[in-house]
Amino acid sequence: SRRCLPEDPVILAAYCQSFLPAAGTGIKFIDLYNELTNKAIWQGSLVDFVAQLKIAAPILRDKGYLMIMGSAWDTNTIAQLFAIPGFAENIDGIGGHGYTPTAAPALAFYEAIIKLVMAYNAAHGTNIFIMDTEVGLHQGDLAIRAAETTKLWQGRIALAVKYPTITQFAIYFSMFAAPSPPGAPSGILNADGTRNTLMWNAAAAGFGIAA
């Protein structure tokens, strides 16, 4: 799929130029690509990504948007990106996807990102923020999911209190049952195990499957 590969620079620039100014759209953040360590989504290198970012960010920022990096599942990827010239200068927020079966490892991941970005900001005088572009649990047991979801959200609130000098966002919440217990809803689920209709219908339309 073309979406897995770096886009032609001319096409990417034209696409970004086609965006309306952010004011009045209700859209504040643009996430360039998604899950840079997931080969099903992104097959370029991290250097390729930064090259694309350097094209897209100036155009979209000029239109009033804030740029979020294509989210990562590990802090090593984020550290590598910071080492590539042009990355930090063209990014406003760092995205993370902390999908785990229980809350504890996801919270450890988020705290590690917070510390990494805070250290970079302190060393370079930047003001890069944290954006949890997806938050959820890969947990098929609905009872465990409900209990761990509470821990996850309480833990994220606690991290925001613990590190008040860095701005933190979590913009939506989705959970995938993997595997689902017999009779459980499939796809994108809410905390109580019911199907997230809005997200599921959008995913179904995008992948050409029945909602």
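Would you list the helices (runs of 4 or more DSSP H) that sit entirely within region 17-124 and hold 2 or more residues that are under 20 Å from Leu5 (Cβ atoms)?
Helices (runs of 4 or more DSSP H) meeting the threshold: 46-62, 75-82.
So is Ile130 of a type in the set (A, V, I, L, M, F, W, C), outside any loop (DSSP other than H, G, I, E, B), under 13 Å from His97 (Cα atoms) and modelled with pLDDT under 95 or not? It would help to see each step written out before you state the result.
Details: of a type in the set (A, V, I, L, M, F, W, C): yes; outside any loop (DSSP other than H, G, I, E, B): yes; under 13 Å from His97 (Cα atoms): yes; modelled with pLDDT under 95: yes.
The answer is yes for Ile130.
Take the conditions over 14 Å from the mean Cα position of the chain (by Cα), surrounded by 13 or more Cβ atoms within 10 Å (Cβ to Cβ), among the hydrophobic types (A, V, I, L, M, F, W, C) and modelled with pLDDT under 80 and apply them to Ala177. Does it pass? Even if it seems obvious, please write down each step before you answer.
Numbers: over 14 Å from the mean Cα position of the chain (by Cα): yes; surrounded by 13 or more Cβ atoms within 10 Å (Cβ to Cβ): yes; among the hydrophobic types (A, V, I, L, M, F, W, C): yes; modelled with pLDDT under 80: yes.
So Ala177 passes the test.
So which residues in region 18-61 are open to solvent by 70 Å² or more (accessible area, probe 1.4 Å), touching a residue at least 24 places away in the same chain (Cβ under 8 Å), more than 19 Å from Glu89 (Cβ to Cβ) and over 18 Å from the mean Cα position of the chain (by Cα), if there are any at all?
Within region 18-61, Leu20, Pro21, Ala23 qualify.
Within region 62-71, work out how many residues are buried (at least 18 other Cβ atoms within 10 Å of the Cβ) and among the small types (Gly, Ala, Ser).
Count: 2.
Let me spell it out: the conditions are (1) of a type in the set (Phe, Trp, Tyr); (2) under 23 Å from Ile166 (Cβ atoms); (3) surrounded by fewer than 16 Cβ atoms within 10 Å (Cβ to Cβ), and Tyr15 meets all of them except one. Which number is the exception?
It is condition (2) that Tyr15 fails.
Taking Asp92, is it among the charged types (D, E, K, R), on the phi < 0 side of the Ramachandran plot and open to solvent by less than 10 Å² (accessible area, probe 1.4 Å)?
No: the conditions fail for Asp92.
Step by step: first the residues of region 127-159, then only those that are loosely packed, with under 14 Cβ neighbours inside 10 Å and polar (S, T, N, Q), then the one that is farthest from Gly93 (Cα to Cα). Which residue is that?
If we take residues in region 127-159 being loosely packed, with under 14 Cβ neighbours inside 10 Å and polar (S, T, N, Q), then Thr150 is farthest from Gly93 (Cα to Cα).
The values are calculated or read from the model by the stated rules, or taken from the named source; none is laboratory data. The model shown is predicted, which means the values in this text are computed figures rather than measured ones. Every residue, glycine among them, receives a Cβ derived from its backbone with ideal geometry; neighbour counts consider all protein chains shown. Please note that ligands, DNA and RNA were not included when accessible areas were found on the heavy atoms of the full protein model with its side chains. Shrake-Rupley method; radii C 1.70, N 1.55, O 1.52, S 1.80 Å.
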